[in-house]
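See structure below.
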Amino acid sequence: MRATFWLGRIAGVRVGVHWSVAVIFAVIALGLGAERLPDAYPGRGALGYTLLALLAGLLFWASLLVHELAHALVARRSGVPVDEITLWLLGGATRTRREAPDPGSEFRIAAAGPATSLGLGVLFTALTWLLVAADAGPLVEVAAWLAVINFLLALFNAFPAAPLDGGRVLRAALWRRSGDRPRATAQTSTAGQAFGWLLVVVGLVVFLWTGAFGAVWLALVGWFVAGAAALEGQASRTRQLLAGVPVRESMTPGPATVPADETVGGLLSETGPALDHPALPVVGRDGTPVGLVTREMLRNVPVEKHRTLTVAEIMVPLDEVRTTPPDGDLAELLPSIDPGPEHRVLVIDRNGRPDGGNGRAPRLLGIVSPSDVNRTISRLTGGHRQPAG
Ligand SMILES: [Zn+2]
């Protein structure tokens, strides 16, 4: 996802905020600060209402973050590595490195989110009562609003349609019953598309009927759910297609590399073929892979630093780059293969040992990009193209 600001790490998980969050902040600030709070507790200054609305907005996003963190922490406990959490226009998204290994884990990871929102709803309800007892004025309204929002989040996410949490819970149940994950995914994907389009229709009808702006948002959410559900079904079919295909059959072997100690200026002034690639593996003096650098990262370096900054100082270090052995399963890479250049996968031969610690240095064999995967898909489907999901 583009235009994301990285806030840092919480419990080791990278957390980012997409710029579109500002839109929701504005909606909340206007709705609460300009209407709801002044209506419920009139006669106070506009600044007070605005500050309270901003506090409510912050706690709203904090609630979403706690919901996503619940998914992330349970995922990690189930042995599923978590790459990052992003907050954006329509809520939060937790990106895991692979799918849950069994129905039980899938159920726990999915259920953790709505259960947490439910807990937060109860917590804010209790807080509302305390604030009422303390006669805390507009703060009561803020706490009550947060309680309702968290209950709504739990309810909405529990709907049994992919990609919502309830859809994952349903998929875990279907998967457990039939033992067939792809079939369970196809079923929840269909349910998700039906649910999404239903929301679009309901949202548009309500909007035309009442003119309420919230209805447009509902339609937008429905449109997103339908699209994501369709993608999920497609990704599952792609995964089935690529299962068992070794990475070495899809990778671009012997990719162009750049030396870690080269300066940015030195690299950019080169007219060689290196800069034709959106992403380049970075290697040390002895040729061992040490990271990945994208053309965009190089171009983002200010001109006055071209002569002093080296590639090593701006690259993504190897331990943050997705890597795979050459005989790894291509289907396993799918969650990592994104259109973004920083999501390239490096194929590294570690001589059969995960740490390469048997004296021989790890060797870079190739790189896997989305177009490599798409080419393999085309080949396997006899030229019928299907984008990697
Ligand atoms: Zn969730």
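Results, tabulated for the structure shown:
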read-out	value
Residue that is nearest to Arg14 (Cα to Cα), among those in the stretch 75-84 that are assigned to a helix (DSSP H, G or I) and either assigned by TED's automatic domain parsing to the domain that holds Gly214 or open to solvent by 30 Å² or more (accessible area, probe 1.4 Å) (or both)	Arg76
Search result, residues across the stretch 155-165 that are more than 9 Å from the ligand (Cβ to nearest atom) and open to solvent by 10 Å² or more (accessible area, probe 1.4 Å)	Leu155, Phe156, Ala158, Phe159, Pro160, Pro163
Verdict on Arg36 being buried (at least 18 other Cβ atoms within 10 Å of the Cβ) and either assigned by TED's automatic domain parsing to the domain that holds Asp329 or of a type in the set (Lys, Arg) (or both)	yes
Residue identified as open to solvent by less than 30 Å² (accessible area, probe 1.4 Å) and over 30 Å from Arg76 (Cα atoms) among Pro114, Pro103, Pro138	Pro138
Filter result for the condition that a residue is within 16 Å of the ligand (Cβ to nearest atom), closer than 25 Å to Trp217 by Cα and either part of a strand (DSSP E or B) or in contact with a strand residue (DSSP E or B) (Cβ under 6 Å, 6 or more places away or on another chain) (or both), over Leu118, Leu87, Leu65	Leu87
Filter result for the condition that a residue is open to solvent by less than 40 Å² (accessible area, probe 1.4 Å) and in contact (Cβ under 8 Å) with a residue 40 or more places away in the chain, over Pro253, Pro289, Pro325, Pro278	Pro289
From the options Val311, Val283, Val290, residue that is in contact with a helix residue (DSSP H, G or I) (Cβ under 6 Å, 6 or more places away or on another chain) and aliphatic (A, V, I, L, M)	Val290
Selected residue (only one of Ala229, Ala219, Ala186, Ala215 is touching a helix residue (DSSP H, G or I) at 6+ places or on another chain (Cβ under 8 Å), of a type outside the set (Lys, Arg) and under 25 Å from Ser369 (Cα atoms))	Ala229
Set Gly192, Gly203: member being assigned to a helix (DSSP H, G or I), within 16 Å of the ligand (Cβ to nearest atom) and open to solvent by less than 10 Å² (accessible area, probe 1.4 Å)	Gly192
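The values are calculated or read from the model by the stated rules, or taken from the named source; none is laboratory data. Keep in mind it's a predicted model, so treat the numbers as computed, not measured. Glycine gets a Cβ as well: all are built from the backbone with ideal geometry, and neighbour counts include every protein chain shown. Heads up: the accessible areas ignore ligands, DNA and RNA and are worked out on the full protein's heavy atoms, side chains in. Shrake-Rupley method; radii C 1.70, N 1.55, O 1.52, S 1.80 Å.
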